[in-house]
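> What follows is a structure written as structure tokens; I'll ask about it next.
The values are calculated or read from the model by the stated rules, or taken from the named source; none is laboratory data. These numbers were taken from a predicted model, which means no experiment stands behind them. For neighbour counting, all protein chains shown are included, and Cβ atoms are generated from backbone atoms with ideal geometry for every residue, glycine included. When the accessible area is computed, the model is the full protein with side chains, heavy atoms only, and any ligands, DNA or RNA have been set aside. Shrake-Rupley method; radii C 1.70, N 1.55, O 1.52, S 1.80 Å.
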Amino acid sequence: MLTLKNGQIFFAHVNRLFPNQHAEIQLGTHRLIARLEAPLESGKGYFLQVDLVEGEPRLKLIGTKNADQFSLMRQLSLPNEKGYHALAEFFTKESLSMTREQIQQAGQWVGKASDKKLALDVIKLMSARDMPFSENIFNSLLAAGSKFPLTDALSALRTALASETEPDSIVQRITGLINELGKPPQNGADGQTHMLEGKTAMDNIKHAVQQMGLFHEHAIIRDSEVSGAESLKSLLIQYLGRSGAKMNPAARQAAEQLLHRMNGQLLLSIDTGPMQQLFFDIPLELYGHRTELSFQWEGKRREDGKIDPDYCRVVFYLDLENLDQTVVDVKIQKRITNITVINESPKIKAFAAMLIPELKEKLKEYDYELSAVHFKQPFRQKNKPLQKSGPRLYSGVDIQI
């Protein structure tokens, strides 16, 4: 549903004109009838501002698509700066709707961002989701969409903390936890051998999620006291809450970026009634190789509110030591499983052939039927949009399925 709020500014096309200064306006995929405060032409695009009068939306003309950016920025009282120019141009291409104050704030954020395109896509996401226009939310989504690997972010924080002149117990606990992140729990001498098999693999992923503290706030809401081992997120919150007098600026910046990244992934995970989406990155250690797993899950709820195990989709993004970047796309419908593996190696199909029968048997133990396993080469595309499908801000293997 499109809801127009007083003071909103957007770029739209006029489809048809009606008597009494009314017109059909096209805003992205939405069409609406509104009263125009200025004579416009059918088929042209305009920057318009909403003025609600007794509940009826009236649209004031701000500028046209063909008007130069300087005149448009003067109309909006925006400074003549690079970030605002990029935002004004972005407005004409995307279905954005923001107030003048939000535009002014967004222009400042885009101007300071090193990756202007990513910053503009974050602004679009915030506008589309109707998120609060706060700098914390912007920075969190920006960090979640960063191309900087999680393992590098963790290493940067560990290095910065090592230069603390007076490391306290929090610094020591953060460093110790970073060193343990992604390692499987000690389950005996053969733990490494079976770390990717069946229930053990799931337990290892859950353990890494708990170590990171990705659902720290959820645990606080559900339990009056969060029990168990402390998480990286809880320690980062404690660390950043200390007095900044003796804090290393590089360590503070690295800790803030990591915390923003985790918060951004929570913001991208949405629960819209029957549908739910979940996104997170976790570090993993596979046979001594330090890497990370990017996890994307989409499913739906049953009438009783519980997750329906018969229908879901899970996408794993991995950077492996020998196979390099790999995507595993798992689709489940009526408990029938269809898997697509995207990888550049021409030999992966032959390597996997000997494992598919065992995979089929393991799935059958959980009452799932393996329909097929497909292998595809990645489709690379320059300047790929941030949100090609769904709300995920992910940078990694570019694929077309």
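> May I ask you to list pairs of residues, at least six apart or on different chains, whose Cβ atoms are under 9 Å apart, with the first in region 127-144 being without any contact (Cβ under 8 Å) to a residue 60 or more places away in the chain and part of a loop (DSSP other than H, G, I, E, B) and the second being loosely packed, with under 15 Cβ neighbours inside 10 Å and of a type in the set (Val, Ile, Thr)?
ASP130/THR3
> Give the residue that is modelled with the lowest pLDDT, with candidates limited to residues of region 320-339 that are under 21 Å from PHE279 (Cβ atoms) and open to solvent by 70 Å² or more (accessible area, probe 1.4 Å).
GLN325
> Taking SER140, is it under 22 Å from the mean Cα position of the chain (by Cα) and at pLDDT 90 or above?
yes
> Mind listing whichever residues of region 296-319 are out of contact with any Gly (no Cβ under 6 Å at 6 or more places or on another chain), open to solvent by less than 60 Å² (accessible area, probe 1.4 Å) and not in a loop (DSSP other than H, G, I, E, B)?
Within region 296-319, GLN296, TRP297, GLU298, GLY299, ASP308, PRO309, ASP310, VAL314, VAL315, PHE316, LEU318 qualify.
> Moving on. Here are the criteria: (1) in contact with a strand residue (DSSP E or B) (Cβ under 8 Å, 6 or more places away or on another chain); (2) under 20 Å from PHE47 (Cβ atoms); (3) open to solvent by less than 40 Å² (accessible area, probe 1.4 Å). Tell me which single one LEU154 does not satisfy.
The single condition LEU154 does not satisfy is (2).
> While we're looking at this one, here's another question. Can you pull out every residue in region 271-290 that is of a type in the set (Val, Ile, Thr) and exposed (fewer than 15 other Cβ atoms within 10 Å of the Cβ)?
THR272
> Of the conditions (1) over 30 Å from PHE148 (Cα atoms); (2) open to solvent by 70 Å² or more (accessible area, probe 1.4 Å); (3) among the polar types (S, T, N, Q); (4) within 30 Å of the chain's Cα centre (by Cα), SER114 satisfies every one except a single condition; which number is it?
(1)
> Then there is this: Only one of LEU267, LEU293 is out of contact with any Gly (no Cβ under 9 Å at 6 or more places or on another chain) and either surrounded by 15 or more Cβ atoms within 10 Å (Cβ to Cβ) or assigned to a strand (DSSP E or B) (or both). Can you tell me which?
On inspection, the qualifying residue turns out to be LEU267.
> Considering region 207-247 alone, what residues qualify as being open to solvent by 30 Å² or more (accessible area, probe 1.4 Å), assigned to a helix (DSSP H, G or I) and modelled with pLDDT of 85 or more?
Matches in region 207-247: HIS207, GLN210, ILE237, GLN238, LEU240.
> Determine, yes or no, whether VAL50 is at pLDDT 80 or above, of a type outside the set (S, T, N, Q), on the phi < 0 side of the Ramachandran plot and buried (at least 19 other Cβ atoms within 10 Å of the Cβ).
In short, no.
> Hey, among the residues in region 340-365 that are among the charged types (D, E, K, R) and in a loop (DSSP other than H, G, I, E, B), which one's modelled with the lowest pLDDT?
Here the residue is LYS347.
> Going by what's in this entry, would GLY182 be described as in a loop (DSSP other than H, G, I, E, B), modelled with pLDDT of 70 or more and either open to solvent by less than 50 Å² (accessible area, probe 1.4 Å) or not hydrophobic (A, V, I, L, M, F, W, C) (or both)?
Considered against the rule, which asks whether it is in a loop (DSSP other than H, G, I, E, B), modelled with pLDDT of 70 or more and either open to solvent by less than 50 Å² (accessible area, probe 1.4 Å) or not hydrophobic (A, V, I, L, M, F, W, C) (or both), GLY182 comes out as yes.
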